[in-house]
Amino acid sequence: MMGCMKDIQNIVILTGAGISAESGVATFRGPDGLWEGHRVEDVATPEAFARDPALVQNFYDERRAKLQTVQPNAAHQALAKLDAKWPGDLLLVTQNVDDLHDRAGSKRLLHMHGELNSVWCRFCDGRSAFEGQLASTPACPRCSQAGYLRPDIVWFGEMPYQMERIEAALVQCDLFVSIGTSGAVYPAAGFVQSARYHGAQTLEMNLDPSEGSFHFHESRMGRAGDLVPGWVEGLLREVGDERV
Ligand code: OAD
């Protein structure tokens, strides 16, 4: 079991596709190894985009449109409550490209794999908020050039965003919590080892043991919507935050 919560000031939370599963967003690694019928190398690499841009744009256009039909669940809401009430440092690092943490109200939030609702213009190198369809080759909202926008998503072979900020938070954290991720994709899969090396308590909440499950001090198995709200309430109670 975890050590004394009173010693915890700084928290880093890593989330993956599992936290959005109960909202109806598909996870990446289904039992068939496919991502909604596609091999990841056919839709989530720069090479795939160069080979067949229409296929890749359509794939992400569909995922972006789907966001309009889903809502944050109890796990997203609980993490937003923790963010609002936690007096120490807190950083929520999500691998998810959906906007459910944002819509639940999390503020100290970082999308390390990019966002469906953002586009990146390869002409002006600018990033813009975007909710439409890229398959129709719209003009860049910044520079007005058409045909240069791509999803602002970190593909395999590309560098995740804000790694320096994440590493600094991992060094400082007293508690590292991983929720709904299979632990199959680095560098995120290695965060538990970094945090633990620097002395953090480590907790995993997932439907089934992740690939790096044995690295955690404690693993709780179940659905995020069932586990996360209770964990947040317990944490806020233990630190005796009278604003809870
Ligand atoms: P995965 O699909 O690999 O793993 C999702 C994890 O969530 C699995 O371990 C499931 O058991 C678990 N899970 C499913 N339903 C759950 C629930 N209701 N509650 C809790 N856990 C549940 O997704 P990620 O680990 O997020 O990268 O994948 C990591 C990265 O691989 C993604 O960010 C994406 C992908 O390629 C990019 O797109 C760059």
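A few notes on this one:
- Axis of helix 53-67 versus longest Cα principal axis of the chain: the two differ by about 50°, to the nearest ten degrees.
- The residue among Leu79, Leu100, Val25 whose Cα reaches farthest toward the positive pole of the charge dipole of the range 21-133, with charges on the beta-carbon of Lys, Arg, Asp and Glu, is Leu79.
- Computed magnitude of the charge dipole of the chain (debye, nearest 20; Cβ of K, R +1, Cβ of D, E -1): 400 debye
- Cα-based equivalent ellipsoid of the range 139-194: semi-axis lengths in Å, sorted from largest, via gyration tensor: 32, 14, 9
- Accessible carbon and sulfur surface of the chain relative to its total accessible area, %, 1.4 Å: 51 percent
- The residues of the chain expose on average 47 square angstrom of accessible surface per residue, using a 1.4 Å probe on protein heavy atoms.
- Among the trypsin sites (Lys or Arg not before Pro) in the range 133-210, those located in a DSSP loop and surrounded by at most 15 other Cβ atoms within 10 Å of their own Cβ are Arg142.
- Normalised Debye scattering of the range 1-155 at q = 0.10, 0.12, 0.19, 0.20 Å⁻¹ gives log10 I(q)/I(0) of -0.42, -0.59, -1.20, -1.28, counting only Cα atoms as equal scatterers and leaving out solvent.
The values are calculated or read from the model by the stated rules, or taken from the named source; none is laboratory data. Predicted model, so just to flag it, every value in this text is computed and none were measured. Because the Cβ atoms are built from the backbone with ideal geometry, glycine has one as well, and the counts that use them run over all protein chains shown. Each accessible area value is taken on the protein alone, full model and side chains, heavy atoms only, with ligands, DNA and RNA left out. Shrake-Rupley method; radii C 1.70, N 1.55, O 1.52, S 1.80 Å.
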